Amino acid sequence: MKKWMFVLIATLLTQNVLAQEEAETEEAPAAEAAPVATAKKPAVRARENWGFSLSTLQWDETLRVQDGITSTKVPANYNAITVTIMKEITYYRWGWSAGAFIGAGRANGGSDADPYLSDKVAFTTYGISPRVFYRLSGRINAGVTGMLFYKNIDWPKETSTQTIDSGRSLNVTGIADLNIRLFQKWDFYTGIGPLTEGSTLWKIGVNYRF
């Protein structure tokens, strides 16, 4: 359900931005047909920007709960807020960026029907997020973001003999994304991609360029 909400938001924003670009093109003055003798400026090979991003990350994993000879698997859900500092280089049709982020959040594991249940367990995360993208228009670009991140969480035990394995601490994945420029320095970003054991990683946020 949340995946479709992200897709719907991105689609509506894209249509709105494309409509604005078409309107700006139609309002361009026809007087441009009369050339004015001006000196040509040298073509800019690339534009460089620093950026700051505030985003949410959400993904699911499986907890392996061992108590004596009994071993069970229960679902776990992670939600985090991250802060990213990045540098972006943009060419005429494509570009790339590299960023480093840090964040914190809460995780929920198990349910009333499972042999283990724990809510709002604090965790931290940090990592790097390189990105390559193609410019669909002046305001919209689509690309792929690599996510290499580390999560640090300590799930509480219900008994002294219980052990809980939360899977890999170091995670690597790639997400397909869309970036839409809303204002001169503000962008909307959303991305989705696979993680481990059939789970999905969602990322949504806003970027400020300076």
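A protection proxy built from the mean count of other Cβ atoms within 10 Å ranks the segments 136-147, 153-164, most packed first, as 136-147, 153-164.
Extending 7 Å from Cα along the Cβ direction at ARG168 and again at TRP96 yields two label points whose distance is 2.3 nm. The fraction of all Cα pairs in region 47-209 landing in successive 10 Å bins from 0 to the largest distance is 10, 37, 26, 16, 8, 2, 0, given as whole percents. Here the spin labels are modelled as points 7 Å beyond Cα on the Cα-Cβ line, and at PHE210 and THR159 they lie 5.5 nm apart. For GLY103, the shell of other residues with beta-carbons less than 12 Å away shows a net charge of +3, using +1 for Lys and Arg and -1 for Asp and Glu. If you take the square roots of the eigenvalues of the alpha-carbon gyration tensor of region 67-150 and sort them as a ≥ b ≥ c, do you get rounded (a/c under 1.5), prolate (a/b over b/c) or oblate? Prolate is the answer for region 67-150, as a/c is 1.5 or above and a/b outweighs b/c.
Placing pseudo-labels 7 Å out from each Cα toward the beta carbon at TYR134 and ARG106 gives an inter-label distance of 4.1 nm. Loop-resident trypsin sites (Lys or Arg not before Pro) (DSSP state other than H, G, I, E or B) in region 173-210 with no more than 14 further Cβ atoms inside 10 Å of their Cβ: LYS185. The chymotrypsin sites (Phe, Trp or Tyr not before Pro) of region 62-92 that DSSP puts in a loop, and whose beta carbon has at most 13 other beta carbons within 10 Å, are TYR91, TYR92. Give the separation of the Cα centroids, region 51-124 to region 176-210, in Å. Taking the Cα centre of each part, region 51-124 and region 176-210 sit 15 Å apart. Cβ-Cβ distance of LYS185 and GLU48, R₀ of 25 Å, FRET efficiency by 1/(1 + (r/R0)^6): the value works out to about 0.95. In this structure, the residue pairs whose Cα-Cα separation is over 18 Å, taken from LYS120/LYS151; LYS87/LYS185; LYS73/LYS203; LYS73/LYS157, are LYS73/LYS203.
Since every read-out is calculated from the coordinates, none of them should be taken as a lab result. Predicted, not measured: the structure shown is a model, and the values here were computed from it. Positions of Cβ are backbone-derived with ideal geometry, glycine not excepted, and every protein chain shown enters the neighbour counts.
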